[in-house]
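The values are calculated or read from the model by the stated rules, or taken from the named source; none is laboratory data. Just so we're clear, the structure is a prediction, and the values are computed from it rather than from any experiment. Positions of Cβ are generated from backbone atoms using ideal geometry, with glycine treated the same way; all protein chains shown enter the neighbour counts. Please note that ligands, DNA and RNA were not included when accessible areas were found on the heavy atoms of the full protein model with its side chains. Shrake-Rupley method; radii C 1.70, N 1.55, O 1.52, S 1.80 Å.
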Amino acid sequence: MIIIRTDLKHLPFHYYYAGVYQGEIHFTEERIMHAIVEPRQRTQMNENVLSEGLSSNLPFKQIHEHLDLFANAKWKGERVVLPNGLQYERYKPYQAVIKGKKQEGIVWALRNETALDVITVEGILVAFICPHRHGMEVLVQPGYEDLTPLVAYRNPQLSQPEYGVNDMGTYMVPMKDGTRLATDVYLPEGKTGIEAFPTILVRTCYDRNNKKGFLMHWVNKGYAVVNQDVRGRADSEGELVPFYYERDDGKETIDWIVAQSWSNGDVGIWGASYLGYVAIAAATSGHPNLKAVVDEVNVGSPFTDTVRRGGAVCSWPLLSWTLAQSVGNRTDFSIFAGESVDVETVVDARPIREIPQQVIGKRSGPWDLWSQHPEYDDFWRNCTLTERGDQIQAPVFVISGWYDGDGPGVSETWRMLTEHDVPHRKIWLGPWEHNPNRARDFRGTRFSHDAVVYDYDIKVMSWFDRFLKGMENGIEQETRATYYVVGNNEWRTSEDWTPAEATITPFYLGGDGHANSSFGDGLLHYQPIERAKTDTFVYNPKYPVAYSGEREPENMAQHELREDILVYTSEKLEEDMIVAGELSAEIYAASTATDTDWVVTLTDVDEDGNSLRLSDYIVRAKYRKGLDQAALLTPNQVERYDIYMQNIAHTFRKGHRLRFTITSSNKFVVFPNSNTGENPYDEQEAMIAKQTVYHSPKYPSHIRVPVINKR
């Protein structure tokens, strides 16, 4: 008979990672003890103190510190607040027959924090759940596994953890130029008769040893895993030239894999952020043995997203990453997080070319190289994903979210896959940050309990199972796009992204020529306005706009008080409006300068005047005709600008307004344009520019919004 234990200290918990049993956990008065499972033979070892180096997102120390609070809480009703402030809400049940008795486990969803959910049976806590990108982690009282989300891992159409892990060690794999890349190989162990396996490749700039524990569940489930440092990072040879070598190095690494006796010739690749760029770059090599790609929150091509967003020179998002890579051959995460440097001091430093010397006391190879290529040339072309999008053959699974700062890279990738009609492409977009699937509340925006999903890693596993093992799990038959609508707080599906059911609806700029600030007269209309007056503002590079460089629902109301921001607001909506998909703007404008920037933003304005940022982007005027057709402006000449904006799925409530703004700077995203047209990396005297935006039947400036019709 299974007995529910209420005294959680000294009680054994079974610990699972991505459905793979990882041993027993005991919380004693003083310590956390772990009887680990030896990875190769999968035998449980003697108990010892929990290792600090355990690859886990589970907050073991937090659980240990507050274990009595969890045990003594009154788990009833709809909401429970623990004495330490953690707020839980009743979510959903799991039911199972345990020892002949039908039991029900209730999931309680944690709010306002990184998700650490719990499950109770008859008001007694039996399990902790920690969902995240790499694999859901579960601590459960022995015998109660069937009352947790672990049951999803037992799907017979999903690879099962039948293997141990054989660490084959590190190989120095040579590239064609002789540079050797540090490459670790892990093989499934323990099932006779199988000697060759499909392979999942991971190539990282953050030291392959940092996250290797998160990769082992793939090995447990029958995949060889190859974990490699990209050139110039950690133990690999060569010099880091971000983006430049990733396509060819990825291709040559796949060549090496398929030549090994343990490879069955089928290779998949996984990557997120820069690793996601690496994965897509490998796909653009067209390697015939690359059969599956999982691409999460990928950064985009350097001249459109990461180094030169819209052609402008990126500031903090780029500096945080580049400086963190440039202090040595391993990443300095304190710089990356903006903890050991003052962000505003860094972005205000000049000249731009010498910022690394001023901040970290040494030159940065990537920064110097980029400054030597101020215009789009063959160097950048070699790094641009879309230059070789026609070569992609492998099915690509794209995952991102509305608060992912690398959304432009995701959009670039998806447009490329769509343009070339890559078979079996799929996209999953949630209410997630760059580190997805973590929390149900973000910067004051509240989502539903299922905004954090329990099958994130299962979807990834199913993708590899289908295209590397040929398992008929049906994932390729599911609808192409799955997305979460903020406001309605529900998941939806569509046959495409932008949703096939969306109607691209233009909102035209108008007003009486005084759209400056939210106190102005700028309006958004469904039709161009006859004889509409132009709007002007003065852009002074010495006083740039400075809203957050993150992608988040920031309240822009305070910034919209500035005279150098043109503000166009719709009438109050008479009914809810769902906007879902890729946005874009068509702007007609002139400047007294020979070059300048245009920054456009869409916000949701509520009854109280709060203006929440949803989507934005920037374009440098000299690249208005294309990256490879740089052309300075003729002062005061009207030019057309087509500007892609970041995708969203958002419900504008009845009584709310759409707002579209135009300005010329945001210093925490890009360095302010000096308006001179000169090399942006050099010291130069900034010029003040008078900017004019046109909106009339002849010059119909507007934003294109994908509106979902009512069901």
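Numerical summary
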| item | result |
| --- | --- |
| Test: residue in the range 609-627 that is in contact (Cβ under 8 Å) with a residue 40 or more places away in the chain, farther than 21 Å from Ala689 by Cα, among the charged types (D, E, K, R) and surrounded by fewer than 19 Cβ atoms within 10 Å (Cβ to Cβ) | no |
| Test: residue in the range 413-423 that is on the phi > 0 side of the Ramachandran plot, open to solvent by 30 Å² or more (accessible area, probe 1.4 Å), touching a residue at least 60 places away in the same chain (Cβ under 8 Å) and not small (Gly, Ala, Ser) | no |
| Lone qualifier among Arg42, Arg111 - being touching a residue at least 40 places away in the same chain (Cβ under 8 Å) and open to solvent by less than 40 Å² (accessible area, probe 1.4 Å) | Arg111 |
| Qualifying residue in the range 453-460 (condition: in contact with a strand residue (DSSP E or B) (Cβ under 6 Å, 6 or more places away or on another chain) and at pLDDT 95 or above) | yes |
| Some residue of the range 301-311 being of a type in the set (Ser, Thr, Tyr), in contact with a Ser or Thr (Cβ under 7 Å, 6 or more places away or on another chain), within 30 Å of Thr199 (Cβ to Cβ) and crowded, with 16+ Cβ neighbours inside 10 Å | yes |
| Selection count, the range 434-448, where residues are open to solvent by less than 50 Å² (accessible area, probe 1.4 Å) and at negative phi | 8 |
| Considering residues of the range 126-171 that are among the β-branched types (Val, Ile, Thr) and open to solvent by less than 50 Å² (accessible area, probe 1.4 Å) only, the residue farthest from Gly430 (Cα to Cα) | Val165 |
| Qualifying residues in the range 240-262 (those that are open to solvent by 10 Å² or more (accessible area, probe 1.4 Å) and assigned to a helix (DSSP H, G or I)) - the one nearest to Ala281 (Cα to Cα) | Arg247 |
| Residue count for the range 497-533, restricted to those that are in a loop (DSSP other than H, G, I, E, B), closer than 30 Å to Pro423 by Cα, open to solvent by 40 Å² or more (accessible area, probe 1.4 Å) and in contact (Cβ under 8 Å) with a residue 60 or more places away in the chain | 1 |
| Odd one out for Gly265, checked against (1) outside any loop (DSSP other than H, G, I, E, B); (2) under 27 Å from Thr384 (Cβ atoms) | (2) |
| Residue match in the range 363-376 (condition: polar (S, T, N, Q), exposed (fewer than 15 other Cβ atoms within 10 Å of the Cβ) and closer than 21 Å to Asn673 by Cα) | yes |
| The range 178-210, subset among the basic types (Lys, Arg) and either in contact with a Lys or Arg (Cβ under 8 Å, 6 or more places away or on another chain) or surrounded by fewer than 16 Cβ atoms within 10 Å (Cβ to Cβ) (or both), residue nearest to Val37 (Cα to Cα) | Lys191 |
| Candidate set from the range 677-698 (those that are at pLDDT below 95 and of a type in the set (Ser, Thr, Tyr)); member that is surrounded by the fewest Cβ atoms within 10 Å (Cβ to Cβ) | Ser696 |
| Checklist (1) assigned to a strand (DSSP E or B); (2) open to solvent by less than 10 Å² (accessible area, probe 1.4 Å) applied to Thr482, failing item | (2) |
| Checking Ser400 against (1) crowded, with 23+ Cβ neighbours inside 10 Å; (2) in a helix (DSSP H, G or I), the condition it does not meet | (2) |
| In the range 196-214, the residues that are closer than 28 Å to Gly470 by Cβ and touching a Phe, Trp or Tyr at 6+ places or on another chain (Cβ under 7 Å) | Ala196, Phe197, Pro198, Thr199, Ile200, Val202 |
| Hits in the range 403-412 (condition: open to solvent by less than 10 Å² (accessible area, probe 1.4 Å) and not in a helix (DSSP H, G or I)) | Asp404 |
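Rundown of residues vs (1) within 20 Å of Asp455 (Cα to Cα); (2) among the basic types (Lys, Arg); (3) at pLDDT below 95; (4) more than 34 Å from the chain's Cα centre (by Cα), yes/no style:
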site	(1), (2), (3), (4)
Leu8	no, no, yes, yes
Gln22	yes, no, no, no
Thr28	no, no, yes, yes
Leu54	no, no, yes, no
Glu78	no, no, no, no
Pro83	no, no, no, no
Ala96	yes, no, no, yes
Gly100	no, no, yes, yes
Glu104	no, no, no, yes
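One line per residue, one yes/no per condition, for (1) of a type in the set (Phe, Trp, Tyr); (2) under 26 Å from Tyr484 (Cα atoms); (3) modelled with pLDDT of 95 or more:
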{"residue": "Lys542", "(1), (2), (3)": "no, no, yes"}
{"residue": "Glu550", "(1), (2), (3)": "no, yes, no"}
{"residue": "Met556", "(1), (2), (3)": "no, yes, yes"}
{"residue": "Lys572", "(1), (2), (3)": "no, yes, yes"}
{"residue": "Ala580", "(1), (2), (3)": "no, yes, yes"}
{"residue": "Ser584", "(1), (2), (3)": "no, yes, yes"}
{"residue": "Ala589", "(1), (2), (3)": "no, no, yes"}
